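This report concerns only the one structure given below.
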Amino acid sequence: MRPSDLQSFPAGFRWGVATAAYQIEGATTEGGRGVSIWDTFARTPGLVRNGETADIADDHYHRWQSDLDLMASLGIKHYRMSLAWPRLQPTGTGELNREGLAFYRELLTGMRDRGITPLVTLYHWDLPQTLEDAGGWANRETAHRFAEYASRVVSELGFLATDWITINEPWCVSFLGYERGAQAPGKKDTRLAVAAAHHTNLAHGLALAAIRMIDPNLRVSNSNLVTDLVPATDSPEDAAAVLRLDAMNNRIFLDPVYTGEYSAAVHELFDEFGLRDVVHEGDLELIGRPVDYVGLNHYQRIVVSADESAGYLGLTERPAEPATTSFGWSVVPDSLRSVLARVKRDYSDLPIYVTENGASYNDYADPNGEVNDPERVEFFSGYLAAAAAAIREGVNLQGYYAWSFLDNFEWAEGYSKRFGLVYVDYPTQVRTPKQSAYWYRQLIADHEAATAEAAASN
Ligand code: FCB
């Protein structure tokens, strides 16, 4: 990133890091926590790489104070974290669990004491198992349960955080969870996925309305995974295939929140799987109520080829080159500029926060105990330069939360994918900031100095 790129980021830009409760907390049976679909999924042999579970993870439940100290020492003042629904409401209904509430009250207070501003996600994939047993996100009732949970939580914790995210990546929840079976609850049925897609959208709308009633000054949105899709060739077939995948990856979630309807492209793909049947009168009006900002997660550019023989979508996907991360995901910085520009063009001029972006590499501590990750430095540098280019094109980008603060439990990939700015040695739980963490600290300081200088000369 060049100095001129840094100057493109506005004063007050939020330089943050992100995590999710299930991926870092551990202590899955402590403090009155209930069982979540991810506990069940991880305990089922063959579903998570190497049979790993998140029972210990980063043991953040016990180490949160030193973790926040470390965050503060790295100059990080914005932290996106999530609340574990089964810790707060063990069976997904009724009174909140006092111990869970106390844990998050202390955590949020601990952030405030250290000058760290929270962005709180209410749902990052850990559905109480009891709700899954009743049909999970494919059951409309779950959306109402979520709104009740959100309302109780915000009534108790709303005074400690201004910025809230209802649901993280409804695409993963619905399609990875209920169609591909790659994530909890591991179902494989497109009709269930389509119902789950609408119900996660509805859950967002219901929770948004509930939070507005409690405190209209809180700032609320959701976080969507926005993937950059490009055709393999300039054939009309590949162009049409991109539109179909876009309807499934992006539009079924972005359209209702930002335009208040499912577009024709979405109906064309999903009516045969019951979309019209699950949308009730009034749903879209609720889902489309104004949010306060756009939360956008971005990881990949995908190359799409039409292939009539490939399922209802009729296409195949592969990562754009170079695909050099340990996940095999692409490293193409312009894809971030592209999705930011797209959201502005098609959906919204509200402030945008990149609520996740990052890369996994095979990091290790060298004999001196240092963790050098030049690839990750290059990754962030490239993607932030692309974000700066988007800002110069008029995108109202106000924050960036790097995924992730700590190496952590990467869902079905277990501990095999390290995304952290901070290395975690799992057997000892020792944390070592990587080279990228120091690089980020310097970037934050440089930006602060540059904006202070600009303000002084005005
Ligand atoms: C996102 C998830 C996040 C993390 C990253 C790598 O899809 O929201 O929890 O696993 O991918």
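Could you tell me whether the stretch 3-53 comes out rounded, prolate or oblate from its Cα gyration tensor? Rule is a ≥ b ≥ c as square roots of the eigenvalues, rounded for a/c under 1.5, then prolate if a/b exceeds b/c, otherwise oblate. If you can, show how the numbers build up before the last one.
Values: a/c = 5.18, a/b = 2.44, b/c = 2.12.
Prolate shape, in that a/c is at least 1.5 and a/b is the bigger ratio.
DSSP loop chymotrypsin sites (Phe, Trp or Tyr not before Pro) in the stretch 349-455 with at most 15 other Cβ atoms within 10 Å of their Cβ, which ones? Kindly include the intermediate steps, with their values, before the conclusion.
Numbers: sites: Tyr353, Tyr361, Tyr364, Phe379, Phe380, Tyr383, Tyr400, Tyr401, Trp403, Phe405, Phe409, Trp411, Tyr415, Phe419, Tyr423, Tyr438, Trp439, Tyr440; in loops: Tyr364, Phe405, Phe409, Tyr415, Phe419.
Answer in residue order: Tyr364.
Return, ordered by residue number, the residues of the stretch 17-33 whose backbone nitrogen is under 19 Å from a label point located 7 Å along Cα→Cβ of Glu95.
Within reach of a label on Glu95: 31-33.
Stretch Arg49-Glu156 to full length: gain in nm at 0.36 nm per residue minus the Cα-Cα span? Intermediate results must be reported in sequence, preceding the final value.
Values: separation 107, 0.36 × 107 = 38.52 nm, distance 3.72 nm.
In short, 34.8 nm is gained.
What does a probe at Thr316 reach in the stretch 207-246, counting residues whose amide N is under 19 Å from the point 7 Å along Cα→Cβ?
Answer for this model: 229-246.
The stretch 88-148: which GluC sites (Glu not before Pro) are DSSP loop and have at most 10 other beta-carbon atoms within 10 angstrom? Numbers along the way, then the final one.
Values: sites: Glu95, Glu99, Glu106, Glu132, Glu141, Glu148; in loops: Glu95.
Taking the stretch 88-148 and a limit of 10 other Cβ atoms within 10 Å, the loop GluC sites (Glu not before Pro) found are Glu95.
Please compute the volume of the convex hull spanned by the alpha-carbon atoms of the stretch 269-409 and report it per residue in Å³. Intermediate results must be reported in sequence, preceding the final value.
Values: hull volume 23.8 nm³, N = 141.
Convex hull volume per residue, Cα atoms: 169 Å³.
What's the ranking of 318-326, 300-308 by average number of surrounding C-beta atoms within 10 Å, highest first?
Values: 318-326: 15.4, 300-308: 19.0.
Those peptides, ordered most packed to least, come out 300-308, 318-326.
What is the extension gain from Ala450 to Gln65, computed as 0.36 nm multiplied by their sequence separation minus the C-alpha to C-alpha distance, in nm to one decimal? Each step should come with its number before you reach the end.
Working: separation 385, 0.36 × 385 = 138.60 nm, distance 3.12 nm.
Result: 135.5 nm gained on full extension.
Pairs of alpha-carbon atoms within less than 8 angstrom and 6+ residues apart define the contacts here; what relative contact order does the stretch 245-341 have, in percent?
Working: 96 pairs, mean separation 18.0, N = 97.
The value is 19 percent.
What does the helix-only formula give at 222 nm for the chain: each DSSP H stretch with n ≥ 4 adding -39500 (n - 2.57), the total divided by the residues, and the result rounded to the nearest 500 deg cm²/dmol? Working shown, then result.
On the way: 17 runs with 187 residues, N = 458.
Theoretical 222 nm ellipticity from helices: -12500 deg cm²/dmol.
Full-extension gain between Asp346 and Ser416, please, as 0.36 nm times their residue separation minus the C-alpha to C-alpha distance.
On the way: separation 70, 0.36 × 70 = 25.20 nm, distance 3.66 nm.
Going from the current span to full extension adds 21.5 nm.
Give Lys77/Lys187; Lys188/Lys417; Lys77/Lys417; Lys77/Lys188 a once-over and call out the pairs whose C-alpha atoms are over 30 Å from each other.
On the way: Lys77/Lys187 39 Å; Lys188/Lys417 25 Å; Lys77/Lys417 25 Å; Lys77/Lys188 41 Å.
Distance filter (> 30 Å) returns Lys77/Lys187; Lys77/Lys188.
Once you keep just the Cα pairs under 8 angstrom separated by 6 or more residues, what percentage relative contact order results for the stretch 3-457?
Worked out over the stretch 3-457, it gives 18 percent.
Taking 7 Å along the Cα-to-C-beta vector as the label spot, tell me the Asn362-Thr29 distance in nanometres, rounded to one decimal.
Here the modelled spin labels are 3.5 nm apart.
At what distance in nm do the modelled label points of Ala264 and Ala239 sit from each other, each positioned 7 Å from its Cα along Cα→Cβ?
1.6
Quote the FRET efficiency, to the nearest 0.05, computed for Arg112 versus Glu272 with a Förster distance R0 of 45 Å and r equal to the Cβ-Cβ distance.
On the way: r = 50 Å, r/R0 = 1.11.
The value I calculate is 0.35.
Enter the accessible area per residue of the chain (Å², integer; probe 1.4 Å; all protein chains in place).
Numbers: 16750 Å² over 458 residues.
On a per-residue basis, 37 Å².
Carbon-plus-sulfur fraction of the accessible area of the stretch 3-457, 1.4 Å probe, in percent? List each step's numbers first, then the result.
On the way: 8350 of 16390 Å².
Using a 1.4 Å probe with all protein chains present, the stretch 3-457 comes out at 51 percent carbon and sulfur.
What are the chymotrypsin sites (Phe, Trp or Tyr not before Pro) within the stretch 243-337 that DSSP puts in a loop, where the Cβ has at most 13 other Cβ atoms within 10 Å? If you can, show how the numbers build up before the last one.
Details: sites: Phe253, Tyr258, Tyr262, Phe270, Phe273, Tyr293, Tyr299, Tyr312, Phe327, Trp329; in loops: Tyr262, Tyr293, Tyr299, Tyr312, Phe327, Trp329.
When the chymotrypsin sites (Phe, Trp or Tyr not before Pro) of the stretch 243-337 are filtered for loop state and at most 13 Cβ neighbours within 10 Å, Tyr312 remain.
I need the shape label for the chain. Rule: rounded when a/c is under 1.5, else prolate if a/b > b/c, else oblate, with a, b, c from the alpha carbon gyration tensor. List each step's numbers first, then the result.
Working: a/c = 1.30, a/b = 1.10, b/c = 1.18.
Since a/c stays below 1.5, the shape of the chain is classed as rounded.
The values are calculated or read from the model by the stated rules, or taken from the named source; none is laboratory data. From a predicted model like this one, the values you see are computed outputs, not experimental measurements. Note that each Cβ is placed from the backbone with ideal geometry, even for glycine, and that neighbours are counted across all protein chains shown. Quick note on the areas: whole protein, heavy atoms, side chains included, nothing else; ligands and nucleic acids left out. Shrake-Rupley method; radii C 1.70, N 1.55, O 1.52, S 1.80 Å.
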